[in-house]
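Student: Let me begin by handing over the structure; questions about it come next.
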Amino acid sequence: MLNFPYDPNGDDLYMQLFLGLFQRQWLEEVLLPNTNNLIVGDPLTLEEFVWWIGMWMIMLTVDGASSWKDFWSTTPINMYEWAQFRFNGIMSRFRFDNIPAALLFIDPAKKPYQGDKFWEVYDMIDA
């Protein structure tokens, strides 16, 4: 399991670099609370969100899977077929599917800007 916050003087350099891609304050004050208002099941934590992003990164860089659903396959791993990754022990496929369905990048109380199709991401960009 990941421990938050990370010690910048510790051995977590790669995680520090990865988390540097996001504004933690925006994640904790905007994305997570608004997503948790819509998500099915337990509230989304920062740790689980990082796992979810990491799972996407693995799926996008592994060649050979016919579908992203293959990562939750229950068939035995065969070393002569595509990558040997199974996410069943990290997160259920149901939970994985429910996270993007509930993601909100802005406070839903904010009004959209007239004619601007990018208004939902301005809080993230400004963070």
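Student: If MET59 satisfies all but one of (1) hydrophobic (A, V, I, L, M, F, W, C); (2) under 26 Å from VAL30 (Cα atoms); (3) not in a loop (DSSP other than H, G, I, E, B), what's the number of the condition it fails?
Tutor: (2)
Student: Among all residue pairs at least 6 apart or on different chains, which show Cβ distances below 9 Å where the first residue, located in the stretch 63-83, is without any contact (Cβ under 8 Å) to a residue 40 or more places away in the chain and the second is open to solvent by 100 Å² or more (accessible area, probe 1.4 Å) and of a type outside the set (Phe, Trp, Tyr)?
Tutor: GLY64/GLU81; TRP82/ASP63; TRP82/SER66; ALA83/ASP63
Student: Step by step: first the residues of the stretch 75-103, then only those that are under 19 Å from MET55 (Cβ atoms), modelled with pLDDT under 75 and of a type outside the set (A, V, I, L, M), then the one that is surrounded by the fewest Cβ atoms within 10 Å (Cβ to Cβ). Which residue is that?
Tutor: Among residues in the stretch 75-103 that are under 19 Å from MET55 (Cβ atoms), modelled with pLDDT under 75 and of a type outside the set (A, V, I, L, M), the one surrounded by the fewest Cβ atoms within 10 Å (Cβ to Cβ) is GLN84.
Student: Given the conditions (1) open to solvent by 50 Å² or more (accessible area, probe 1.4 Å); (2) more than 28 Å from GLN16 (Cβ to Cβ), and given that TRP72 satisfies all but one, which numbered condition is not satisfied?
Tutor: (1)
Student: Taking the stated definitions as given, is ILE106 within 17 Å of the chain's Cα centre (by Cα), open to solvent by less than 60 Å² (accessible area, probe 1.4 Å) and in contact (Cβ under 8 Å) with a residue 24 or more places away in the chain? Working first, answer last.
Tutor: Values: within 17 Å of the chain's Cα centre (by Cα): yes; open to solvent by less than 60 Å² (accessible area, probe 1.4 Å): yes; in contact (Cβ under 8 Å) with a residue 24 or more places away in the chain: yes.
In short, yes.
The values are calculated or read from the model by the stated rules, or taken from the named source; none is laboratory data. This structure is a prediction, so every number in the text was calculated from the model and none was measured. Don't worry about glycine lacking a Cβ; one is built from the backbone with ideal geometry, like all the others, and counts go over all protein chains shown. Remember, those area values only see protein heavy atoms, side chains included, never the ligands or the DNA or RNA. Shrake-Rupley method; radii C 1.70, N 1.55, O 1.52, S 1.80 Å.
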